[in-house]
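Laboratory data are not the source of any read-out in this text; all were calculated from the coordinates shown. Please read all numbers here as calculations on a predicted model, not as lab measurements. Neighbour counts are summed over all protein chains in view; Cβ atoms, including those assigned to glycine, are modelled from backbone coordinates with ideal geometry.
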Amino acid sequence: MTEKLKYYLKLNTNLDDNQIDKIAACFKLKTFKKNTILLSEGEICKELYFVHSGCIRTYFITKQGHEKTRYVAFNGSIASSISSFISQQQSFEFVDTLEYSELYSINYRDFYQLVSDFPQWEKFYRTLLEMAYLYQNKRIKNLVTLSAKQRYDRLMAENPIYIQRLSNKILASYLDITQETLSRLKSK
């Protein structure tokens, strides 16, 4: 069952098969129903997730009570409230499942033990942080510089899976538009 995780590690690291087996053994398979809250605002993030199947997202709630989706992770992706995971401080965001999900989780202690034990894991971690940084910068740029239609069109062109698998509510939250605006964009 860990074959997808091992394949991901093989693609993204210079670890040998023995090291990959040791790292994969630190991940625990967990299954969750749709709409399960994995982390609430104010809790400390203790786990990092690899999505074997399903879909999870990170989001926060504004003072006005509106959800704002920051990140969506589909099969073969890693997700968490990364700032809380790194700092071990209270999270400002939530993490939940959008579908029935099978997740491999690794706890904070084991993750950082691997950073100490395997220089290649430390390099993977740095690459993961760099990719997260670049993703968030691109996302902020798109939110600030593109119109709602341009954001929707770009998402349709670059990541149609979002439009195929996310509800209108979540998709609108991710694009930072109203559901009514999303409906108008979809009908054109």
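Structure values in brief
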quantity	calculated
In order through the range 44-59: 3J(HN,Hα) via Karplus (6.51 cos²θ - 1.76 cosθ + 1.60), integer Hz, x for Gly, Pro	9, 6, 9, 9, 10, 10, 10, 7, 6, 8, x, 7, 10, 9, 10, 8
Chain lengthening between Lys33 and Ile86 when straightened (0.36 nm per residue, less Cα-Cα)	16.4 nm
Distant-in-sequence amide H partners of Ile44 (H built 1.01 Å from N, under 5 Å)	Ser91
Segment Ala25-Gln136, extension gain: residue separation times 0.36 nm, minus the distance between their alpha carbons	37.0 nm
Which of Ile20, Leu98, Asn75, positive extreme of dipole for the range 9-121 (C-beta unit charges)	Leu98
Among Lys169, Lys141, Lys33, residue whose mean-square fluctuation peaks in a GNM of the chain (springs only between Cα atoms under 10 Å)	Lys141
222 nm mean residue ellipticity, helices alone, for the chain (DSSP H n ≥ 4; -39,500 (n - 2.57); rounded to 500)	-15000 deg cm²/dmol
